[in-house]
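Each value in this text was obtained by applying a stated rule to the coordinates, not by laboratory testing. From a predicted model like this one, the values you see are computed outputs, not experimental measurements. With ideal geometry, Cβ positions are generated from the backbone for all residues, glycine too; neighbour counts draw on all protein chains shown.
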């Protein structure tokens, strides 16, 4: 079915009147579609797409732009799913308080400042390899390029965060030489290296690059990034950044089994920053996941097959089958009847409303929503220290 068909049938059920009497008919259809999505989860709008890798102790990820509300049906590994790979949805406070303290994987659809993201916590993925906690100025690390202090109050991991000022000159870089090298040979070109960075004024930071290697001239350098792991712009405060190893360029002849050199390069708008902090550099092997969900995009382009939220052409395809298409038609008639008629508007409204209500009841009887509703976890096992010992193969 497409928009041309819907408009033709709409003219027929409105006593054969011309639909030119309806102002902004595409807008009327869009409103009818939104009302329909409020009433049901049409099975034809279910989509399953790659979510991307999910990592241990990394909680924030980009959300599908067309996710309808919190209408996630399933989050699952692309392959090798086990009995424990069941992800219930929890409320935001419950997720935040209990992350890292539960053995049951779970997620939360998070809305903050008008942006929707996914928060995922899974104990089923093996932990990564720590390059440096970046929480002390003694021990294995020798930092250079600035004056460094430790903040033992505001930190993301370990016992503190390395703190330094960024001058007005740009670009600006700091380095770390580790006394004892770290073996990342099993992660080479497969992992992401992530760390936390605290930005007092994020708008002053244009981009960030990360370098690592076996010496100052033998290593890998990442592309410049401008977004956090969840695909958002840098924000004031703590940001979690990830750098995909396979996207890095190689310099010299680095040895992945003996990583001892780290570098951080920041491009700014030449405004000085005070008390920037870094913390917890970890290389992680993730697990490829899929997300199955209800889309809020009722239409798609007939040439490109790209899903879309609103109508752009009469040739747009409607992502509905027979039963749900009739619901959209009836709801469109309800939305349009007040404009199309005067004297018979009340009668026609009552007629179309009854048709819509009867069809809605029948549809809900045939197609139950599969949406995974948020739940509070009542039974918990609050022993965070166990998490580091158990990987995906551990079964309870």
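Relative to the longest principal Cα axis of the chain, at what angle does helix 345-366 sit, 0 to 90 degrees, rounded to 10? Long axis of 345-366 versus the principal axis of the chain: about 50 degrees. Relative contact order of the range 83-166: 19 percent, from C-alpha pairs under 8 Å at least 6 residues apart in sequence.
Taking every alpha-carbon pair under 8 Å whose residues sit at least 6 apart, the chain reaches a relative contact order of 28 percent. Each peptide in 236-243, 29-36 was scored by the mean count of other Cβ atoms within 10 Å over its residues; highest first, the order is 29-36, 236-243.
Taking the square roots of five times each eigenvalue of the Cα gyration tensor of the chain, the equivalent ellipsoid has semi-axes of 52, 24, 18 Å, listed largest first.
Using equal-weight Cα scatterers in the Debye expression, the normalised intensity of the range 129-284 in log10 at q = 0.20 Å⁻¹ is -1.38.
Quick one: go through the range 90-114 and flag any residue whose amide nitrogen is under 11 Å from the point 7 Å out along the Cα-to-Cβ line of residue 84. Under cut-off, by backbone N: 103-105. Packing, taken as the mean count of other beta carbons within 10 Å per residue, orders the peptides 109-115, 329-335, 222-228 from highest to lowest as 329-335, 222-228, 109-115.
For the range 191-232 and the range 36-74, what is the centre-to-centre distance using only Cα atoms, to the nearest Å? Centre-to-centre distance over Cα atoms comes out at 28 Å. Assuming 0.36 nm per residue, please report the length gained on full extension of the stretch residue 113 to residue 62 beyond their Cα-Cα distance. So the chain would gain 16.9 nm between residue 113 and residue 62. Between 0 and 90 degrees, the angle of helix 3-13 with respect to the longest Cα principal axis of the chain falls at about 30 degrees. Helix 25-39 axis versus longest C-alpha principal axis of the chain: approximately 70°, rounded to the nearest ten. Descending by average beta-carbon neighbour count within 10 Å, the peptides 78-86, 5-13 line up as 5-13, 78-86, the highest first.
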